[in-house]
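Any read-out appearing in this document is the output of simple, stated calculations on the displayed coordinates, not a laboratory observation. It should be emphasised that the depicted structure is a prediction, and the values quoted were computed from it without experimental measurement. Glycine also receives a Cβ, built like all others from the backbone with ideal geometry; neighbour counts cover every protein chain displayed.
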Amino acid sequence: MIGYYVHHQGRGHLHRAIRIASRTPEPVTLLSSLPRPAAWAGSWVSLPTDTADDPLDPTAQGRLHWVPLHHPGHRERMGIIAQWIRRESPSLFVSDVSVEAAALARLMGVPVVVTAMRGDRKDPAHRLGYDLADALLAPWPHTVPEPGWPPHWHAKTIHTGSISRYDGRPRPPAAAAPATKEVVVMLGAGGTYLTEDHLREAQRTTPDWTWTVLGGRAPENRAGGGPAPDGGSPSTWLDDPWPILCRAQVVVTHAGQNAVAECAAARVPVVVIPEERPHGEQHATARALRAAGLATVRESWPAAEEWPALLAEAAALPDRWEQWSHGDGADRAARLLTDLAARPTRRTACVPR
């Protein structure tokens, strides 16, 4: 049995977990505070939320990320994970992503795989999680490594390339050329700074383009379409945006791992505008995409008058997505989990540190 912790921010962690777990011969149990998805028929452990408006020492004086004192939800979720480990004796535990879940599993004597994230991960909590992991799973290609990592992280990293629920899915049959070109704005479920005014101004200066906006909060958090909860962009949530992605001449999206993976699977030209996220994750991904010549990148939402040239630039960029999206990222990850789950526990000498 393999345990797989799935973080609740956005939907990328869940999509990736289901894709990997469905290709792993060993039984996999997903543990998360997200609602159980209909697409997952395997074992699922529901965890309570541990959010708090006024948490007490949530970082343990800077050593961890989220361990608020005297919080019943936090205590309950960690207890449920511990009880599951004690009951099931898993051969491996995957954390995507929580330093605390990874540390708990390792403290209980279970080998751990941590899904790596781009950005500055040299804070004490990330160093702990990455150091104790038996392997780091990096869902990007080895040709664009994250700079600044210590050698011992690189030594145990498996680069799978991007992992998308759409890997290997055929593109829909090409339709007749539309009268106007279409740009699809794909938002994530993790929040956005984008507002209706941003979109209105971009549309005003690009009359030969049709704009379609997808994403925002997931349906369990927001009913139907309409304005996002931040008072921002009007959008439509689709459980399966694949056909719309494939028909777009350009996609405008953020730099979340899942959004980039889905665009890469669709082999569609992309304008990437990173959102602000902890540790500079999306800006780091955007830099990697720019360095590899895979996407047109802007650090912030462009001025209205920039959009005509920007869309033309993106549409003319050669398709190099094969470098990022090999199509078998989930299979590579599943092989890693299978190998580690079957590996005998190594013995090392105990030496002073």
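Here is how the numbers come out for the structure above:
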| item | result |
| --- | --- |
| log₁₀ of I(q)/I(0) at q = 0.06, 0.08, 0.09, 0.10 Å⁻¹ - the chain, Debye sum with one point per alpha carbon | -0.23, -0.41, -0.51, -0.63 |
| Cα→Cβ-extended label distance, 7 Å offset, between Ala60 and Ser33, nm | 1.7 nm |
| Spatial separation of Cα centroids for segment 321-336 and segment 139-164, in angstrom | 12 Å |
| Highest-fluctuation residue, Asp131, Asp239, Asp167 considered, GNM on the chain with Cα pairs under 10 Å | Asp239 |
| Peptides 265-277, 196-208 ordered by average Cβ neighbours within 10 Å, highest first | 265-277, 196-208 |
| Estimated distance in nm for a label pair at Thr51 and Asp239, the labels positioned 7 Å out from Cα along Cα-to-Cβ | 2.3 nm |
| Inter-label distance for His142 and His154, nm, one decimal - labels placed 7 Å from Cα along Cα-to-Cβ | 1.2 nm |
| Between 0 and 90°, nearest 10: helix 12-21 axis offset from the chain longest Cα axis | 60 degrees |
| Among His254, His65, His283: highest mean-square fluctuation, GNM of the chain, C-alpha pairs under 10 Å | His65 |
| Percent of Cα-Cα distances greater than 18 Å, calculated over segment 40-174 | 63 percent |
| Cα-based helix-to-principal-axis angle, 329-342 vs the chain, degrees rounded to 10 | 0 degrees |
| Potential lengthening between Asp339 and Ser89 on full extension [0.36 nm per residue; Cα-Cα distance subtracted] | 88.3 nm |
| Cβ-derived FRET efficiency at R0 41 Å, Arg320 paired with Gln203, nearest 0.05 | 0.90 |
| Environment charge of Asp240, counting only residues whose C-beta is closer than 11 Å and scoring Lys/Arg +1, Asp/Glu -1 | 0 |
